[in-house]
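Data first, discussion second: the structure below is written as structure tokens.
The values are calculated or read from the model by the stated rules, or taken from the named source; none is laboratory data. These numbers come from a predicted model, not from an experiment. Please note: Cβ atoms are built from the backbone with ideal geometry, for glycine as well, and neighbour counts cover all protein chains shown.
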Amino acid sequence: MNIAAYIAANARYRADKPAIVDTRESLTYAGLDDRVKRIATVLARAGVGPGDLVGAALFDSVDLPAVWLAVARLGGVNLPMDWRWTVAEQRRINETFRPRLVLGEASRKFDPGLPLVSYDDAWRATVAAAPPYDGIAPNADAAFILVLSSGTTGAPQAAVYPHVNYVNMISAYWTDIGIGPDDRYLSVLPIAFAAGRGMAMATLVRGGTIHLMPPLYEPAELLQAIRRWSIDTISVVPSIARMLLAEAKEGELLLPGIRRFVTVGAMLFPEENQAIRQRLTPNLYDYYGSAGGGMTTVMSPHEFDRKEGSVGRPMLGSVVEIVDDEHRPLPAGETGRLRCRAPGMAIGLYPPDPDSAAFRDGWHYPGDYAYIDADGYVFLQGRWNDVIIRGGMNIFAPEVERALLTCAGVREAAVVGMKSAQLGEEPAAFVVTDGSTDERTILRHCRSLIVAYKVPKLIRIVAELPRNSTGKVVKAELVARLSS
């Protein structure tokens, strides 16, 4: 079933119930469905049809999910974009994916080569005046959304989710975390990112209410929003959890009304898990997933003390195995490469990448080393690919390395993850230069090409990069140097 049909059903059976609330307006399910249909009409007039890619570089508002659903109605494919991207980043996306059009905030600067439609008052007026588009593309196996990652060359790449797979993926929020139609979810993570989008879309499709509170905000503002809207579900990255812990008082719960406090993006320290349950809410959930594998494992509130350090057991429908380098399953307790398969995972990569190790024989390999204990709990042991997770946001080392290599005077570059107490990981760069540049110049160059959270936190100029016998950079040695 097309995912837009679920919203149409909610509009029929929950017409007057609030669906999305942002800083400017609130839409009921009837209002959301009407907005979706009118956007679909405007997009169809612009030539969007089945299989066409449509980018949306928009602020978090009621219209961003409405655009995704409108594209779905037409049979198009959504390409979520971060409105904070630099022009250079936008250009790489455009060169790789060639979207039919891109909706972009009028106040932002965009690459002139993009097929840009300005998201402004005139566009909103056009939508309001358009007749509703009543058709819904029927093919549940057609692509609904692309989840961006990075290819083996550092070029942009995406995991492909058909409608049926995406609905299967978000259904894990219903079965394993318990999201239902009576829930009020506070969205504090950017919904352009998979970590923020999944919970929001799961709530919408299920018939609950989402309140959008995009960054940046102070702790007092976040707490006020939770109380004002009687929020019962929130999903945060570790940095937000730590911010709330700093506001908590000993002997009382800071968030007594929260029924689901979900942490994503990176693992908290065991003592932080305990502090959250003692000082924020006892209802802590933690899940592990990936761009291509969707939701994979979950830890429920009663499991943290018994299985300290685990990311939980597989979610409904998920199968997780640990294999050696020859893809042979390993016994319980033995560390190897984690692989997973589920009805809610991506079906592959776009553009296709024959050198990618992400998908093989129906399995997805997220790039993690792990082991599974005798009770079926998964324990992550490190990463074998080039993804750095900073506060829940994926940073792809090849992309940062490519930005570094365009700086005059930089001959070689290698980017690794550096441990961070606040954000889990930060990018750190080791560069070889010809002596004509310095760290400050390199940082300034990076800031002109990539968004701020991807810019290396640390740059070390070295005489040479460590390499193995085949000439590949030994990043494990670079990581070891960070602690020396």
By residue number, the members of segment 290-334 that are within 24 Å of the chain's Cα centre (by Cα) and on the phi > 0 side of the Ramachandran plot are GLY294, GLY309, GLY312, GLY317
From the option list ASP16, ASP34, ASP60, single residue qualifying as of a type in the set (D, E, K, R) and under 14 Å from LEU103 (Cα atoms) is ASP60
For segment 191-240 the number of residues that are over 21 Å from MET295 (Cβ atoms), in contact (Cβ under 8 Å) with a residue 24 or more places away in the chain and of a type in the set (S, T, N, Q) is 3
Within segment 12-41, residues touching a strand residue (DSSP E or B) at 6+ places or on another chain (Cβ under 9 Å), surrounded by fewer than 21 Cβ atoms within 10 Å (Cβ to Cβ) and in a helix (DSSP H, G or I) come out as ALA30, GLY31, ASP34
When (1) at pLDDT 95 or above; (2) under 22 Å from ALA194 (Cβ atoms) are applied to THR86, the one that fails is (1)
Exception for ASP355 within (1) over 22 Å from the mean Cα position of the chain (by Cα); (2) free of Cβ contacts under 8 Å to residues at least 60 places away in the same chain; (3) over 18 Å from MET267 (Cβ atoms) falls at (2)
Restricted to segment 330-342 and to residues being of a type outside the set (D, E, K, R) and closer than 11 Å to TYR371 by Cα, the residue surrounded by the most Cβ atoms within 10 Å (Cβ to Cβ) is LEU338
Going through segment 2-17 in order, the residues found to be more than 25 Å from the chain's Cα centre (by Cα) and not acidic (Asp, Glu) are ALA8, ALA9, ASN10, ALA11, ARG12, TYR13, ARG14, ALA15, LYS17
Checklist line | Test: ILE450 is surrounded by 13 or more Cβ atoms within 10 Å (Cβ to Cβ), of a type outside the set (S, T, N, Q), in the same structural domain as VAL416 (by TED's automatic domain parsing) and over 27 Å from ARG84 (Cβ atoms) | finding: no
Might you check whether a residue that is of a type in the set (Val, Ile, Thr) and more than 22 Å from the chain's Cα centre (by Cα) occurs anywhere in segment 384-401? no
Tell me, please, whether a residue that is without any contact (Cβ under 8 Å) to a residue 24 or more places away in the chain and either surrounded by fewer than 23 Cβ atoms within 10 Å (Cβ to Cβ) or in contact with a His (Cβ under 9 Å, 6 or more places away or on another chain) (or both) can be found in segment 79-88.
no
In segment 234-253, residues that are closer than 20 Å to ARG197 by Cβ and either out of contact with any Gly (no Cβ under 9 Å at 6 or more places or on another chain) or not in a loop (DSSP other than H, G, I, E, B) (or both) total 7
By my count, strands (runs of 3 or more DSSP E) wholly in segment 133-212 with at least 2 residues that are under 25 Å from GLY317 (Cα atoms) and among the β-branched types (Val, Ile, Thr) are 143-150
The condition of being surrounded by fewer than 17 Cβ atoms within 10 Å (Cβ to Cβ) and outside any helix (DSSP H, G or I) holds, among GLY75, GLY113, only for GLY113
For segment 218-233, the count of residues that are in a loop (DSSP other than H, G, I, E, B) and closer than 15 Å to ARG184 by Cα equals 4
Scanning segment 306-329 for residues that are without any contact (Cβ under 8 Å) to a residue 24 or more places away in the chain and part of a loop (DSSP other than H, G, I, E, B), the one surrounded by the fewest Cβ atoms within 10 Å (Cβ to Cβ) turns out to be GLU326
